Ligand SMILES: Cc1cc2nc3c(=O)[nH]c(=O)nc-3n(C[C@H](O)[C@H](O)[C@H](O)COP(=O)(O)OP(=O)(O)OC[C@H]3O[C@@H](n4cnc5c(N)ncnc54)[C@H](O)[C@@H]3O)c2cc1C
């Protein structure tokens, strides 16, 4: 039986929810599904991962310690684990970390790498990717001994497939890396990872200045949403580039995307068109986004956003 490995990502000590959709894709292949974990608590992770078809959680240790991030050391450790467990297909998230790690693993294995996949078939070794700023979907086939796929966070649905996961340790013997990580500084942009968020409220040029983004932060707080931005807002210096959504920013797939004062350029859509529901707040009824969203609110965002925040802050009926 074929074995598939899923590279698990942890944030602030917790399993990123978007790992689960990747586990489901691995489980769908019908092969044995193994999770590789380089940080975090393996027993805790196993308790969740086994609900999504993961049969074994392998806690990988390196000569340089368990939880110290070094992409070169981690890539080497992952390859050793792949060889030991006879794994030929590796799946991970196309996150900042995944883009660094998976590319290194693929390069060393001389394996084909498909990044930002929105669907994957591990039996046929095919994956779908969005092309030309989302105007087309292309299906790629990978060939060779090894296959590496980076999945767009939240693009795949997590489907429960309960089983019992064993936990094992694997000690990789990693040599002296050419790269050392001196300092890791968390971004100041958002408490919630933009690519992981279920709800994103984004602002564009219509926000007028950086201070007005506090309106979005206040609204976001009420529903544990993340704040995003268009490139126009980022280029104006109102918010950090870490918040930019779009072709040259982050690609996001939240359940709900609320665009405030954003016109809906193709480059912005390239980053958020796979959102479940798109809501646009724009005072121009002819703005491109108004015909491309699920719900259009044709009004001044400075009236709507504070009103929305007040409404969301009010305790819901039935809640204590
Ligand atoms: C190679 C390339 C890459 C790019 N990558 C990206 C990218 O990654 N992400 C990105 O976003 N863009 C990107 N762009 C830029 C993109 O083309 C647009 O210029 C940009 O998305 C426009 O941002 P915006 O919608 O905020 O601004 P605008 O297009 O100026 O739209 C502002 C909107 O706000 C509305 N508005 C104004 N005031 C209010 C108000 N009070 N209430 C309600 N509505 C209001 C207006 O009606 C208007 O529709 C890229 C461009 C290029 C060429």
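Just so it is clear, none of the values below were taken in a lab; they were calculated from the coordinates. From a predicted model like this one, the values you see are computed outputs, not experimental measurements. Glycine also receives a Cβ, built like all others from the backbone with ideal geometry; neighbour counts cover every protein chain displayed.
Rounded to the nearest 10 degrees, the angle from helix 301-313 to the longest Cα principal axis of the chain is 60 degrees.
Beta bridges assigned by DSSP with both partners in the range 1-124 are antiparallel in approximately 20 percent of cases.
Among DSSP beta bridges lying fully in the chain, give the percent that are antiparallel, nearest 5. Before the final figure, lay out each step's value.
Working: 13 of 60 bridges.
The answer is about 20 percent antiparallel.
The distance linking the range 56-120 with the range 167-233 is 22 Å (Cα centroid to Cα centroid, whole angstrom).
Residue exposure proxy: 205, 124, ordered by other Cβ atoms within 10 angstrom of their Cβ from fewest to most, comes out as 124, 205. If I model the chain as equal point scatterers sitting on the Cα atoms and use the Debye formula, what is log10 I(q)/I(0) at q = 0.11, 0.16 Å⁻¹? Debye curve over Cα of the chain, log10 I(q)/I(0) at q = 0.11, 0.16 Å⁻¹: -0.73, -1.27.
Cβ crowding within 10 Å, taken as a proxy for footprinting-reagent exposure, orders 231, 310 from fewest neighbours to most as 310, 231.
Rank the residues 60, 281 as a footprinting-exposure proxy: fewest other Cβ atoms within 10 Å of their Cβ go first.
On the way: 60 23, 281 27.
Lowest count first: 60, 281.
With kT/(6 pi eta Rh) evaluated at 25 °C and eta = 0.890 mPa s, and Rh the Kirkwood radius from Cα pairs, the range 199-313 diffuses with a coefficient of 182 µm²/s according to Stokes-Einstein. Computed from Cα atoms, the angle from the helix 19-28 axis to the main principal axis of the chain rounds to 60 degrees. Just want to confirm a number: the relative contact order over the chain, from Cα pairs under 8 angstrom separated by 6+ residues, in percent. Dividing the mean separation by the residue count of the chain yields 15 percent. Semi-axes of the equivalent ellipsoid of the range 3-171 are 23, 18, 15 Å, computed as sqrt(5λ) over the eigenvalues of the C-alpha gyration tensor in descending order. The angle separating the long axis of helix 71-84 from the principal Cα axis of greatest extent in the chain is about 50 degrees.
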